[in-house]
Amino acid sequence: QVQLVESGGGLVQPGGSLRLSCAASGFTFSNNHMSWYRQAPGKERELVASITSAGGWTNYADSVKGRFTISRDNGKNTVYLQMNSLKPEDTAVYYCKALSFRSWGQGTQVTVSS
């Protein structure tokens, strides 16, 4: 079955950087568009960034444009989210998702605080 395992979260000071990873299995990763979502306490889950199956097109929420970069390695079945210039409002649990499937991973907590 579809499995998504997110990692790389942690506590970082404002202005810092983190790189999230999502290891996928149970489906043909290279055929699927992938996305990163996040959910802050008391808020709905929101789409952060998306990437097409071959990685040729990406899209970002306005709130992260210019600071976050989504990428993928189809040889490793992994999608990444490089997060720079982090702000306290980026604090959330971050999840990856394949477009074609409903499954979610357990998420990885990102906390931006001084």
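Tabulated results
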quantity: Segment 6-71-segment 93-114 distance, computed between alpha-carbon centres (Å); calculated: 8
quantity: From phi via Karplus (6.51, -1.76, 1.60), per-residue ³J(HN,Hα) for segment 94-102 in Hz, x at Gly/Pro; calculated: 9, 10, 10, 8, 8, 4, 7, 10, 8
quantity: Area of R72 that stays accessible when all protein chains are in place (1.4 Å probe, Å², to 10); calculated: 40
quantity: Local electrostatic count, Y60, Cβ distance below 14 Å [Lys/Arg +1, Asp/Glu -1]; calculated: 0
quantity: Extended-chain gain in nm, criterion 0.36 nm per residue less alpha-carbon gap, Q13 and Q39; calculated: 7.4 nm
quantity: Candidate lysines - alpha carbon under 18 Å from K97, same-chain residues fewer than 8 apart omitted; calculated: K76
quantity: Label point distance in nm, A23-A54, each placed 7 Å from Cα along Cα→Cβ; calculated: 2.8
quantity: By accessible area with a 1.4 Å probe, ligands and nucleic acids excluded, highest first: order of Y95, Y37; calculated: Y37, Y95
quantity: Estimated inter-spin distance, W104 and S71, nm [label 7 Å along Cα→Cβ]; calculated: 2.8
quantity: Accessible area expressed per residue, segment 1-87, with surrounding protein chains retained (probe 1.4 Å, Å²); calculated: 52
quantity: Heavy-atom accessible surface of the chain: percent carbon and sulfur, 1.4 Å; calculated: 46
quantity: Eligible aspartates and glutamates near K65 by straight Cα distance, threshold 15 Å, same-chain separation 8 or greater; calculated: E46, E89, D90
quantity: Cα pair distances exceeding 17 angstrom across the chain, given as percent; calculated: 49
quantity: Solvent accessible area, Å² - R45, 1.4 Å probe, full protein context; calculated: 80
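The values are calculated or read from the model by the stated rules, or taken from the named source; none is laboratory data. Everything quoted here is computed from the prediction, not taken from an experiment. So basically every Cβ, Gly included, is an ideal-geometry build from the backbone, and we count neighbours across all protein chains shown. Calculation scope for accessible area: heavy atoms of the full protein, side chains included, ligands and nucleic acids excluded. Shrake-Rupley method; radii C 1.70, N 1.55, O 1.52, S 1.80 Å.
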